[in-house]
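Contents: one structure, followed by commentary.
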Ligand SMILES: Nc1ncnc2c1ncn2[C@@H]1O[C@H](COP(=O)(O)OP(=O)(O)O)[C@@H](O)[C@H]1O
Ligand SMILES: [Mg+2]
C-alpha cells in the first residue's frame, strides 16, 4: 500500500473512533480545546529559549544549556517542533513528519504498536494538527549519552497532539529522556501522546519519562512497545507534580524469545489530582521476562495503580510489585495487580501493599536519634527509591535528583 | 547514671511493670533475667521511651536529668541506645542509611564500611534494613548501629537469641566494644542493661549485677553468674519461689 492509501485508511478508522470513550479514566471533552497553536518559531540553538521555559524543562530532565551530556535533542512546543538536533553518530532525531518524508518504510511503524482507533484520543491525534519525534538507533550502535525530548505545553486551552516513533535497530542501545511540562501553573490544557516503540533483536532501550505538569492539565498518553528476540525495553516513569487527571496504561508485547520489558513508575501526587496509571506486558514468546514496579504516594489525591502480566508462552517469568503510601488523611490508593497465565510452566507473581507509614518504623528510626520529621522523610525517600538495574550511573543520578525534588513536594 | 524509681508501666491500660527500682552507675553493666512474659522487654521499651509503653508511676533519670517525659529521639540523642529483640523491616531504607543516621554526621563512608567489616555485614549495607535477615544478622546489625551511635547507656534485648554458636562470640565482641569492657574499669563510662533469657551471653560479657524479673517486678539482685547457676539448675520457678514473699527491693 502506498503512503497515501495507508494514510487514508487511518483517517477513516480515526473518524469512526472519534466519539469512542476510553475504557479507563474520566472522559474528557476534547472540543473544549484547540489544536491550533501560535506557530512558535524554530530555534537552531535551544539554549536561546526563554529562561523560564528552560527552567521548567530542566525540572523535567531536559538540559539545554549543556548539550554535551546529550546525544540529541527534540523540543516541541504545543503542536510545533521548535528544535531538533543530533550530536552523535548512530542515532537519528527529527520531527516525525520529516521522517515520514525521508523514509519509505515509515508506514510499517505507523499505528502498528498502538491502534489508531483505540479511543477518541488516538483518533484525535490522527485527525488534527500534531507533531512528535522520530528517534532511531542505527544497527549495532550504542549511544552513551541519552537523547532528550521535551513536550512543552505553552498555550492556554490547547490540546497537544503528539505521535512519536522510536526504533532501536538490531543490537543497538540507546537511552531516551522525555520531559513533559507546561508553561503555567494556572492554564488548562490537554496532552495526548502516542508513542510507538520498536525494539529489534538484541536492542536495548531505556526510556525515562518525567512528567512535571500542573494542576489544571489533563493527560492521556497511549504507548505501545514491541520487543523482538533478546530485546530489552526499560521504562522509568516519574510523575513529580500534581496534575488534574492522568490516565495511561502502556502495553508492551514481548514477541521475541527472551525479550524483556521492565516498567518502574514513581507517582507522587496531592489534593485535587486523579491518576490511573498502569503497565501491561504480554509475554508471548519463550523465555520472555518482565518486572513491573510501582510506587505511589498521595497526600490527598486519588491514585489507581494497575499492573497486568499475561503469560502466553513456555518458560516466561513475570513479577509485579505495587506499593502505595498514603500521607495525610484523605488520599486514596487503589492497587490493581493482575496476572493471567494461559498455560503451564509459567512463573508469574505479584505483591501489593497500601497503607500509611508504620508508626513502628518511624519509632525505630527515632530510637537511633532522628526526629519524627527526619525519620518520616527517610522512610519516604526509601519508599521512592526504586533501584533500577542497568541504568547508566549518569541517568540514575538524574533520576535520583528528580525523585528527591518530588520528595520535597510531599514533605 | 541511670536511676529508675518506683516505676510502673502500662501497655494499653494493663499495668505490666510494677514498682521497679534499679540503678546503674557509670561503667557498670547489669543483667536482667526472667521467664518469658516477665516484662523484661516492656521495661527496656519504657526506658527507651516508646509511647505505647506508658509510665503510670515513678520516674526515670539519666545523667542526673529526669527523662520520664522525654520522647524516644530526645533520649537517643542524650545517649541511650537500644538493640531491639525484633526490629521492623523498613523497605527502601538501607542498612547503610541506618548506620549513617546513627552516626549523626560523625565519620564518613569509610566509618560505615569499617563498622560493617567489624560486624561481618559488608554485604548487607546495600540491603533494606532487616529485610530477609536471619536472627543472627538482625542482632549483628543492631549492634553495628549501636556502635555507630555510641550510646552511654546501651539496652540490649536478648542479644544472643537466634544466634548460632559461631556468631555468638562475635556478638560478645561487639557488645564488649560497646560497653568499653576493654578499657580499664576506672575509665569506663558506658552503662549497659542486658536482657537474657538463657544467660548464654554471660560467657562472653562480664557483668557483676543481675536481677530476676517475674510478673513485672524485680525479685532479687545478686551476682549474675550465681543467679544463672541457680536458674540453670532449678529453673525459673524455683528461683522465683525463693524470692516470693521477700519484700520488694529498695535502695
Ligand atoms: N505491645 C504489647 N501489647 C500488649 N501486651 C504486651 C505488649 N508488650 C508486652 N505485652 C505483655 O506484657 C507482658 C510482658 O511482656 P514482655 O515485656 O515482652 O516480656 P519478656 O520480654 O519478659 O518476655 C506479657 O504478658 C505481654 O503479653
Ligand atoms: Mg522480651
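The values are calculated or read from the model by the stated rules, or taken from the named source; none is laboratory data. None of these values were measured; they are calculated from a predicted model. Neighbour counts run over all protein chains shown; Cβ positions are idealised from the backbone, glycine included.
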**Request:** Might you check whether a residue that is more than 26 Å from residue A:383 (Cβ to Cβ), touching a residue at least 40 places away in the same chain (Cβ under 8 Å) and surrounded by 15 or more Cβ atoms within 10 Å (Cβ to Cβ) occurs anywhere in the range B:111-118?
**Result:** yes
**Odd one out for residue A:188 among (1) over 18 Å from the mean Cα position of the chain (by Cα); (2) within 19 Å of residue A:266 (Cβ to Cβ)** = (2)
**Qualifying positions in the range B:158-167 - more than 16 Å from ligand 2 (Cβ to nearest atom) and either surrounded by fewer than 18 Cβ atoms within 10 Å (Cβ to Cβ) or within 14 Å of chain A (Cβ to nearest Cβ) (or both)** = B:164, B:165, B:166
**Asked** Which of (1) within 16 Å of ligand 2 (Cβ to nearest atom); (2) surrounded by 16 or more Cβ atoms within 10 Å (Cβ to Cβ) does residue B:77 not meet, given it meets every other one?
**Response** (1)
**Every residue from the range B:8-40 that is near ligand 1 (Cβ under 7 Å from one of its atoms) and crowded, with 19+ Cβ neighbours inside 10 Å** = B:16, B:34, B:38, B:39, B:40
**Message:** Take the residues in the range B:151-174 that are modelled with pLDDT of 95 or more and in a loop (DSSP other than H, G, I, E, B); name whichever of them is nearest to ligand 1 (Cβ to nearest atom).
**Reply:** B:151
**Prompt:** Of A:60, A:99, A:53, A:16, which residue is surrounded by 13 or more Cβ atoms within 10 Å (Cβ to Cβ), under 30 Å from residue A:306 (Cα atoms) and touching a residue at least 24 places away in the same chain (Cβ under 8 Å)?
**Reply:** A:60
**Item:** Subset of the range B:68-108 (residues that are within 7 Å of chain A (Cβ to nearest Cβ) and assigned to a helix (DSSP H, G or I))
**Value:** B:72, B:73, B:76, B:77, B:97, B:98, B:101, B:102
**Asked** When you go through B:179, B:170, B:155, B:193 one by one, which is the residue that is away from every other protein chain (no Cβ under 14 Å), surrounded by 18 or more Cβ atoms within 10 Å (Cβ to Cβ) and within 16 Å of ligand 2 (Cβ to nearest atom)?
**Response** B:193
**Complete:** Quick count over the range B:33-52, residues being away from every other protein chain (no Cβ under 14 Å), within 10 Å of ligand 2 (Cβ to nearest atom) and at negative phi, is 5
**Request:** Tell me which residues, restricted to the range A:1-34, are within 29 Å of residue A:275 (Cβ to Cβ), more than 24 Å from the chain's Cα centre (by Cα) and part of a loop (DSSP other than H, G, I, E, B).
**Result:** A:19
**Request:** Working only within the range A:191-201, note down all residues that are crowded, with 24+ Cβ neighbours inside 10 Å and touching a helix residue (DSSP H, G or I) at 6+ places or on another chain (Cβ under 7 Å).
**Result:** A:192, A:194
**Asked** Among the residues of the range A:382-389, is any surrounded by 16 or more Cβ atoms within 10 Å (Cβ to Cβ), in contact with a helix residue (DSSP H, G or I) (Cβ under 8 Å, 6 or more places away or on another chain) and either more than 14 Å from chain B (Cβ to nearest Cβ) or modelled with pLDDT of 90 or more (or both)?
**Response** no
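Yes or no, residue by residue, for (1) closer than 20 Å to residue A:24 by Cβ; (2) assigned to a loop (DSSP other than H, G, I, E, B):
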| site | (1), (2) |
| --- | --- |
| A:113 | yes, yes |
| A:122 | yes, no |
| A:126 | no, no |
| A:129 | no, yes |
| A:135 | no, no |
| A:139 | no, yes |
| A:152 | no, no |
**Message:** Quick check on residue A:307: is it away from every other protein chain (no Cβ under 14 Å), within 22 Å of residue A:233 (Cβ to Cβ) and at pLDDT 90 or above?
**Reply:** yes
**Item:** Residue list for the range B:121-139, restricted to those being crowded, with 24+ Cβ neighbours inside 10 Å and more than 12 Å from every other protein chain (Cβ to nearest Cβ)
**Value:** B:139
**Request:** Output the residue which, of all residues in the range B:41-52 that are near ligand 1 (Cβ under 9 Å from one of its atoms) and not in a loop (DSSP other than H, G, I, E, B), is surrounded by the most Cβ atoms within 10 Å (Cβ to Cβ).
**Result:** B:43
**Prompt:** Looking at the range B:196-212, which of its residues are more than 16 Å from ligand 1 (Cβ to nearest atom) and surrounded by 21 or more Cβ atoms within 10 Å (Cβ to Cβ)?
**Reply:** B:205
**Asked** Given the conditions (1) more than 14 Å from chain B (Cβ to nearest Cβ); (2) buried (at least 18 other Cβ atoms within 10 Å of the Cβ), which single one is not true for residue A:367?
**Response** (1)
**Asked** Taking the condition modelled with pLDDT of 95 or more, surrounded by fewer than 18 Cβ atoms within 10 Å (Cβ to Cβ) and assigned by TED's automatic domain parsing to the domain that holds residue A:271, does residue A:336 pass?
**Response** yes
**Prompt:** What is the residue count in the range A:333-371 for residues that are touching a strand residue (DSSP E or B) at 6+ places or on another chain (Cβ under 6 Å) and under 26 Å from residue B:76 (Cβ atoms)?
**Reply:** 3
**Fill in**
Sole miss for residue B:215 among (1) within 16 Å of ligand 1 (Cβ to nearest atom); (2) modelled with pLDDT of 85 or more; (3) on the phi < 0 side of the Ramachandran plot is condition (3)
**Asked** Looking at the range B:53-60, is at least one residue within 16 Å of ligand 2 (Cβ to nearest atom) and either in contact (Cβ under 8 Å) with a residue 40 or more places away in the chain or under 15 Å from residue B:148 (Cβ atoms) (or both)?
**Response** yes
